[in-house]
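So the structure is just underneath, and the comments pick up after that.
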Amino acid sequence: MRLAKYLAQTGLCSRRAATRYIRDGLITIEGRIANHIDTVTLIETPQGIESSEQLTFDGAPISAVEEKEYWAFHKAVGTDSRLLIDDSSSLLHLLPATPRLYPVGRLDKDSRGLLLLTNDGELTQTLMHPDFGHSKIYHVRVDRDFDDNFLQAMAQGVSYRDVTTLPCTLTRLAKDQFEITLTQGLNRQIRRMSQALGFKVIDLKRVKIQSLALGDLKEGEMRQLTSSELINLKSALE
């Protein structure tokens with residue numbers, strides 16, 4: 001098996017991140033710096049399926065392939081989606097030691113709502129690939145009432161800095177609130193779209209990723225996906 005694919009299956013990271021780790025010299029195989037053409041031989045051990053070769057990440061041994069886990073997490077405002085051990089606000093400090101879970105994508109520190117957590121690097125790679133364009137739904141409140149021209153302008157795509165966003169779907173929820181469905185994942189996209197049209201976002205909540213809905217999950221809580229949720233999520237990616 002190709003090294004990057006194996007690293008993703010262990011739950012260490014996504015395949016894209018594995019490629020980056022190999023490029024940056026953080027992975028060793030049999031005591032030498034790994035390269036992108038390396039492969040591993042899989043064997044069964046009491047710990048699970050693992051590589052017969054000795055592998056390390058940043059000097060630490062890489063564990064065997066973990067059973068895949070899929071969790072929904074309701075991130076609160078103030079929690080940083082990045083897994084930074086030295087940051088007390090990091091999501092890392094809210095996750096269990098095992099299984100090792102990683103967020104699929106990020107949610108701004110000043111935003112709240114649904115995060116998908118998993119150790120399935122293949123699923124993460126699929127969802128994160130820019131060509132896939134998976135849908136995400138947000139509920140947004142801005143600093144003042146808006147008219148239908150605002151909704152139309154947002155839906156058609158907004159230009160800011162050096163980008164123009166793709167067309168998207170919007171629905172009014174209240175005089176100052178709307179629901180927006182995006183298939184792009186640009187940094188702080190909704191906030192910058194709104195700002196370009198003269199509005200400031202004061203609350204942003206992600207309520208759905210593909211078919212997976214936040215539902216009534218409370219802030220700071222997490223739960224495993226049901227079998228039907230996982231089937232629906234994976235079938236949408238085929």
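The values are calculated or read from the model by the stated rules, or taken from the named source; none is laboratory data. This one's a predicted model, so the numbers in the text were calculated from it and none came from an experiment. Every residue, glycine as well, gets a Cβ built from its backbone with ideal geometry; the counts of neighbours run over all protein chains shown. Areas reflect the complete protein model, heavy atoms only, side chains present, ligands, DNA and RNA absent. Shrake-Rupley method; radii C 1.70, N 1.55, O 1.52, S 1.80 Å.
Out of the residues in segment 130-152 that are assigned to a helix (DSSP H, G or I) and open to solvent by less than 30 Å² (accessible area, probe 1.4 Å), state the one that is nearest to THR169 (Cα to Cα).
Checking each candidate, the answer is LEU151.
Go through the residues of segment 187-195 one by one and say whether even a single one is touching a residue at least 12 places away in the same chain (Cβ under 8 Å), more than 16 Å from the chain's Cα centre (by Cα), open to solvent by 70 Å² or more (accessible area, probe 1.4 Å) and more than 20 Å from ARG141 (Cβ to Cβ).
no
Exactly one condition in (1) at pLDDT 95 or above; (2) touching a strand residue (DSSP E or B) at 6+ places or on another chain (Cβ under 8 Å); (3) assigned to a loop (DSSP other than H, G, I, E, B); (4) farther than 19 Å from LYS208 by Cα is not met by SER63; state its number.
(1)
When you scan segment 169-182, how many residues do you find that are open to solvent by 70 Å² or more (accessible area, probe 1.4 Å) and either in contact with a His (Cβ under 6 Å, 6 or more places away or on another chain) or assigned to a loop (DSSP other than H, G, I, E, B) (or both)?
1
Please state which one of ASP120, ASP87, ASP147 is over 21 Å from GLY198 (Cβ atoms) and modelled with pLDDT of 90 or more.
Among ASP120, ASP87, ASP147, only ASP87 is over 21 Å from GLY198 (Cβ atoms) and modelled with pLDDT of 90 or more.
What number of residues within segment 83-110 satisfy the criterion of being of a type in the set (Gly, Ala, Ser) and either within 14 Å of the chain's Cα centre (by Cα) or assigned to a helix (DSSP H, G or I) (or both)?
Residues in segment 83-110 being of a type in the set (Gly, Ala, Ser) and either within 14 Å of the chain's Cα centre (by Cα) or assigned to a helix (DSSP H, G or I) (or both): 1 in total.
Residues are listed down the side, and each one gets a yes or a no for (1) open to solvent by 30 Å² or more (accessible area, probe 1.4 Å); (2) on the phi < 0 side of the Ramachandran plot; (3) in contact (Cβ under 8 Å) with a residue 60 or more places away in the chain; (4) not acidic (Asp, Glu):
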| site | (1), (2), (3), (4) |
| --- | --- |
| THR39 | yes, yes, no, yes |
| ILE43 | yes, yes, no, yes |
| SER51 | no, yes, no, yes |
| GLU66 | yes, yes, no, no |
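Would you confirm whether or not segment 42-59 contains a residue that is under 27 Å from the mean Cα position of the chain (by Cα), in a loop (DSSP other than H, G, I, E, B) and closer than 20 Å to THR98 by Cβ?
yes
Check segment 9-19 and report whether any residue there is out of contact with any Cys (no Cβ under 9 Å at 6 or more places or on another chain), open to solvent by 70 Å² or more (accessible area, probe 1.4 Å) and in a strand (DSSP E or B).
So far as segment 9-19 goes, no, none of its residues is out of contact with any Cys (no Cβ under 9 Å at 6 or more places or on another chain), open to solvent by 70 Å² or more (accessible area, probe 1.4 Å) and in a strand (DSSP E or B).
Being without any contact (Cβ under 8 Å) to a residue 60 or more places away in the chain, touching a helix residue (DSSP H, G or I) at 6+ places or on another chain (Cβ under 6 Å) and among the hydrophobic types (A, V, I, L, M, F, W, C): is that true of LEU83 here?
Answer is yes for this residue.
Which residue out of THR56, THR126 is more than 17 Å from LEU230 (Cα to Cα), β-branched (Val, Ile, Thr) and surrounded by fewer than 21 Cβ atoms within 10 Å (Cβ to Cβ)?
THR56
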